[in-house]
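Worksheet: one structure, shown below.
The values are calculated or read from the model by the stated rules, or taken from the named source; none is laboratory data. In this text the structure is predicted, and so the values were computed from the model without any measurement. Please note: Cβ atoms are built from the backbone with ideal geometry, for glycine as well, and neighbour counts cover all protein chains shown. The protein model used for the area step is the full one, side chains on, heavy atoms only, and it has no ligands, DNA or RNA in it. Shrake-Rupley method; radii C 1.70, N 1.55, O 1.52, S 1.80 Å.
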Amino acid sequence: MMSSLTTGPYNTDNMPDQCRSQNSTGCFQNLLENKENITAQSLSLDTVTTLLTTAINASEKILESSSSVSPTELASYGNRVLKISEKLISTLVKPTDTSDNVSFTLATVEGQIFMVGPNVALDKIPRLDTTSSSVDIDLIGIANNNIEGFAAVAFMSFHTMENLLKPDFFNTSNDVVKTMMSTVISVTLPRTTNTKLTKPVNFTLKHIRDSAPSGSLSCVYWNISEWIVDGCSVLETNSNYTVCSCVHLSTFALMQTSPRPSESDPRLDLLTLVCVTVGLVFLSSALLTFALCRWTRIGDWIVGHSGCVRLVPGGYVRELSGNSTGRASEDSAVDPTTSKVSQEKQNNVTLNLERVNQNIYSNA
């Protein structure tokens, strides 16, 4: 069983005066370093929440006060905040013979600590919940693997950590769009001698953004400078939640990768529009020309070969137009043989029409 530890004195000011009066990156960095140097083994809940708020606010102020922060610096600040948070939350772990728990909710982070001792009456601990995530862990089995029969789990959910541990740190082989789909969570086993897991740990992560139809989800954990998938997998997912399973403890998140949309070139779009417009103009002109030529040929055939047919009291009589007659005369002057053939065709047509008229008249 663990022995009782003392609490050291700490300044719980939320932000030093020199950091409030000016946006000094150095001041905020010194503030983080001071929190990293905390050596106390036990602190009150109020002290821990105040120091946590100060550390996270300091990291955000560093981002605001710097015009540009390199990816390396972002990863470094993220690691420092994680280290400070894990150190602070471990000071809330207290010895117990049965079971105990502590929880807190802040604007930027939520946390839960659950402790079990050698005389715990539970078969398993309840699910640890925050607003946007939960964790199921076999803490009883881990405690049984420790000689003192004690084990504790610390669970934190960071609402703004993606500003430091950005989704672009996800290590992928393809050029894809990377989106953080959950809050960043951290699970540790503070003050526990044997931290070997007896079963995989399951996390339920609420989606904080709408997923892309073509997106692919991955359960990832933070490894010093990048997000990687090793040891984690997706058990199930729907439009609101995803359940992840991991064989180790660390800092986790849900990542989405989706194909990068093709970039449009305005000049190419304009050229395409011009080409399509010109093509439609030429197509319309071709169709109009074809239609005019076709109807002109039909009109010439009717006028030049068939003549006109008019209705008279005795029936239908074919009457050649003046143009046709004139054309026949011209053809006759040039080629007597052609003129004679044309005349015979006209006589045959006239004869056939007269027979039709007679038949109509006799039937009437």
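The rows are residues; the columns are (1) modelled with pLDDT under 80; (2) closer than 21 Å to Ala152 by Cα; (3) of a type in the set (A, V, I, L, M, F, W, C); (4) not in a loop (DSSP other than H, G, I, E, B).
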residue	(1), (2), (3), (4)
Gln18	yes, no, no, yes
Asn30	yes, no, no, yes
Thr50	no, no, no, yes
Ser68	yes, no, no, no
Thr72	no, no, no, yes
Pro95	no, yes, no, no
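Could you pull out the residue among Ser85, Ser59 that is closer than 15 Å to Leu165 by Cβ, at pLDDT below 90 and assigned to a helix (DSSP H, G or I)?
Being closer than 15 Å to Leu165 by Cβ, at pLDDT below 90 and assigned to a helix (DSSP H, G or I) holds for just one of Ser85, Ser59, which is Ser59.
Out of Leu197, Leu249, Leu205, report the one residue that is in a strand (DSSP E or B) and surrounded by 15 or more Cβ atoms within 10 Å (Cβ to Cβ).
Leu205
Determine which member of the set Ser68, Ser90, Ser59, Ser85 is open to solvent by 30 Å² or more (accessible area, probe 1.4 Å) and of a type outside the set (D, E, K, R).
So the residue among Ser68, Ser90, Ser59, Ser85 that is open to solvent by 30 Å² or more (accessible area, probe 1.4 Å) and of a type outside the set (D, E, K, R) is Ser68.
Looking at (1) more than 30 Å from Ala151 (Cα to Cα); (2) assigned to a strand (DSSP E or B), which one does Leu271 not meet, given that it meets all the others?
Leu271 satisfies all of (1) more than 30 Å from Ala151 (Cα to Cα); (2) assigned to a strand (DSSP E or B) except (2).
Taking the stretch 118-132, which residues are hydrophobic (A, V, I, L, M, F, W, C) and in a strand (DSSP E or B)?
Of everything in the stretch 118-132, just one residue is hydrophobic (A, V, I, L, M, F, W, C) and in a strand (DSSP E or B), namely Leu128.
Report whether or not Asp123 is free of Cβ contacts under 8 Å to residues at least 24 places away in the same chain and open to solvent by 40 Å² or more (accessible area, probe 1.4 Å).
yes
Please indicate, with yes or no, whether at least one residue in the stretch 159-182 is in contact (Cβ under 8 Å) with a residue 40 or more places away in the chain, more than 20 Å from Ser103 (Cβ to Cβ), touching a strand residue (DSSP E or B) at 6+ places or on another chain (Cβ under 6 Å) and of a type in the set (Lys, Arg).
yes
Which count do you get for residues in the stretch 200-227 that are over 12 Å from the mean Cα position of the chain (by Cα) and without any contact (Cβ under 8 Å) to a residue 40 or more places away in the chain?
Within the stretch 200-227, residues that are over 12 Å from the mean Cα position of the chain (by Cα) and without any contact (Cβ under 8 Å) to a residue 40 or more places away in the chain number 3.
Can you name every residue in the stretch 100-117 that is assigned to a loop (DSSP other than H, G, I, E, B) and either at pLDDT 95 or above or in contact with a Leu (Cβ under 7 Å, 6 or more places away or on another chain) (or both)?
Answer for the stretch 100-117, where residues must be assigned to a loop (DSSP other than H, G, I, E, B) and either at pLDDT 95 or above or in contact with a Leu (Cβ under 7 Å, 6 or more places away or on another chain) (or both): Leu106, Gly117.
Can you name every residue in the stretch 147-163 that is open to solvent by less than 10 Å² (accessible area, probe 1.4 Å) and either modelled with pLDDT under 95 or of a type in the set (Asp, Glu) (or both)?
Met161
Checking Ser239 against (1) in a loop (DSSP other than H, G, I, E, B); (2) at pLDDT 95 or above; (3) loosely packed, with under 13 Cβ neighbours inside 10 Å, which test does it fail?
Status for Ser239: all satisfied but (2).
Given the condition open to solvent by 10 Å² or more (accessible area, probe 1.4 Å), farther than 21 Å from Cys219 by Cα and touching a residue at least 60 places away in the same chain (Cβ under 8 Å), answer yes or no: does some residue in the stretch 130-143 qualify?
no
Within the stretch 33-40, does at least one residue satisfy the condition of being open to solvent by less than 40 Å² (accessible area, probe 1.4 Å), in a helix (DSSP H, G or I), of a type in the set (A, V, I, L, M) and at pLDDT 65 or above?
No, the stretch 33-40 contains no residue that is open to solvent by less than 40 Å² (accessible area, probe 1.4 Å), in a helix (DSSP H, G or I), of a type in the set (A, V, I, L, M) and at pLDDT 65 or above.
Let me confirm something: among Ser218, Ser211, which residue is outside any loop (DSSP other than H, G, I, E, B), among the small types (Gly, Ala, Ser) and surrounded by 14 or more Cβ atoms within 10 Å (Cβ to Cβ)?
Ser218 is the lone residue from the list that is outside any loop (DSSP other than H, G, I, E, B), among the small types (Gly, Ala, Ser) and surrounded by 14 or more Cβ atoms within 10 Å (Cβ to Cβ).
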